[in-house]
1. For the stretch 276-291, what are the residues that are out of contact with any Pro (no Cβ under 9 Å at 6 or more places or on another chain) and open to solvent by less than 40 Å² (accessible area, probe 1.4 Å)?
2. Take the conditions small (G, A, S), open to solvent by 30 Å² or more (accessible area, probe 1.4 Å), away from the ligand (no atom under 15 Å from the Cβ) and over 21 Å from L241 (Cβ atoms) and apply them to A185. Does it pass?
3. Starting from the stretch 79-105, take each residue that is under 17 Å from I67 (Cβ atoms) and list its partners that are among the aromatic types (F, W, Y), counting only C-beta distances under 6 angstrom and pairs at least six apart or across chains.
4. Mind listing whichever residues of the stretch 127-175 are within 8 Å of the ligand (Cβ to nearest atom) and of a type in the set (D, E, K, R)?
5. Could you check, for the stretch 15-37, whether at least one of its residues is more than 15 Å from the ligand (Cβ to nearest atom), assigned to a loop (DSSP other than H, G, I, E, B), closer than 22 Å to H171 by Cβ and at pLDDT 95 or above?
6. Given the conditions (1) more than 21 Å from L127 (Cα to Cα); (2) in contact with a Ser or Thr (Cβ under 6 Å, 6 or more places away or on another chain); (3) open to solvent by less than 30 Å² (accessible area, probe 1.4 Å), which single one is not true for L37?
7. In the stretch 212-248, what count of residues is obtained for those that are within 16 Å of the ligand (Cβ to nearest atom), polar (S, T, N, Q) and either open to solvent by 60 Å² or more (accessible area, probe 1.4 Å) or farther than 30 Å from R191 by Cβ (or both)?
8. Go through (1) hydroxyl-bearing (S, T, Y); (2) part of a helix (DSSP H, G or I); (3) open to solvent by 20 Å² or more (accessible area, probe 1.4 Å) one by one and return the number of the condition T60 breaks.
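The values are calculated or read from the model by the stated rules, or taken from the named source; none is laboratory data. All values derive from a computational prediction rather than experimental measurement. Here the Cβ positions follow ideal geometry from the backbone for every residue, glycine too, while neighbour counts run over all protein chains shown. These area figures cover heavy atoms from the full protein model, side chains too; ligands, DNA and RNA do not enter into them. Shrake-Rupley method; radii C 1.70, N 1.55, O 1.52, S 1.80 Å.
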Amino acid sequence: MRISGLFQQGRPVLSFEVFPPKRDSSIDTIYRMLDELEGLHPDFISVTYGAGGSQADHATFDLANLIKTRYGIEPLMHLTCINYSREEVAERVRMLEESHIDNVMALRGDLNPDLPPKHDFRYASELVRYIRENSGLAISGACYPEGHVECEDLVSDILHLRQKVDAGCEHLVSQLFFDNNLFYAFLERARIAGIHVPIEAGIMPVTNKKQIERMVTLCGASLPTKFAKMMQRYEHFPEALRDAGIAYAVNQIVDLAAQGVDGVHLYTMNNPLVARRISESVQSLFAAAPA
Ligand code: FAD
């Protein structure tokens with residue numbers, strides 16, 4: 001099943017992102033997490049990819065396979081390319097097709113000073129084109145409401161995104177953001193640039209101040225004053241911070257749904273409790289399709 005087809009149902013799509021467990025995690029922990037997520041009926045679950053190394057590959061493949069075969073939920077497997085040769089990418093594309101995993105998120109991956117890039121793929125659009133020309137996989141990609149950290153200006157960033165879509169990317173998932181107005185301005189730029197594929201809004205509930213600060217430093221998302229104040233006030237009260245983070249995410253989602261967003265991608269951080277509380281709060285909004 002191609003994920004882009006899900007957006008024709010006339011209601012917003014709700015999807016989750018999970019990451020492969022650490023090597024020493026027990027399989028029961030994974031089952032418990034997926035058992036809980038399954039009960040929330042996501043439209044699909046995406047699985048992140050650790051850059052480089054066959055162990056990282058296998059962990060992602062195994063989890064995507066498990067989501068498909070044991071839970072019957074559509075997996076979207078992430079794949080990065082900056083540290084791979086053409087042959088290495090070909091091998092991974094073959095593995096996906098052999099496992100009947102139909103959807104791949106084609107990513108460049110972050111530049112890592114300790115892992116020199118291989119030069120077959122410089123940008124995600126080159127990976128998208130390669131996958132489109134060499135497989136029948138459905139291709140998703142990443143986008144950045146506030147611009148990608150490396151890009152000098154928003155116009156160039158959106159033109160690069162257009163290249164990625166023209167190369168064959170049929171669905172986009174956004175980087176996390178905490179101010180919906182930034183997302184709406186981005187959507188407008190994207191539509192003006194002729195990007196008409198479904199764009200899901202990436203929402204990350206804050207449950208831990210340090211973790212959010214690290215993410216924000218890495219991805220360049222800005223923190224609205226009211227969000228920063230919330231984290232500051234409750235940083236030493238984990239339960240209160242979690243509740244405030246869930247309420248903030250729910251508020252963002254209610255507004256997005258009311259504005260007719262294509263879908264919401266919840267960065268679950270492998271925390272099914274938080275995913276459950278958010279999903280249950282917005283369930284009826286996702287079921288309600290406008291007449
Ligand atoms: P690209 O689309 O290639 O963009 C990268 C930069 O290059 C941008 O600044 C862009 O403007 C610029 N650019 C693009 N084309 C050109 C061109 N022709 N000329 C000049 N400049 C150009 N990382 C992981 O390691 N594993 C994951 O599982 C993962 N999942 C992610 C999921 C989502 C939803 C998002 C938003 C990010 C994810 N990332 C992941 C992080 C991602 O790998 C990094 O943000 C990376 O730095 C960029 O990847 P990209 O695919 O967006 O790259």
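1. Result: V282, single match.
2. Yes.
3. Listed pairs, sorted by first residue: L79/Y49.
4. E150, D157, K164
5. Just the residues of the stretch 15-37 that are more than 15 Å from the ligand (Cβ to nearest atom), to begin with: 22-37.
If we keep only those that are assigned to a loop (DSSP other than H, G, I, E, B) too, we end up with 22-26.
Retained after the next criterion (residues that are closer than 22 Å to H171 by Cβ): none.
Within the stretch 15-37, none of the residues are more than 15 Å from the ligand (Cβ to nearest atom), assigned to a loop (DSSP other than H, G, I, E, B), closer than 22 Å to H171 by Cβ and at pLDDT 95 or above.
6. Against the list (1) more than 21 Å from L127 (Cα to Cα); (2) in contact with a Ser or Thr (Cβ under 6 Å, 6 or more places away or on another chain); (3) open to solvent by less than 30 Å² (accessible area, probe 1.4 Å), L37 comes up short only on (2).
7. Qualifying residue count, the stretch 212-248: 1.
8. (3)
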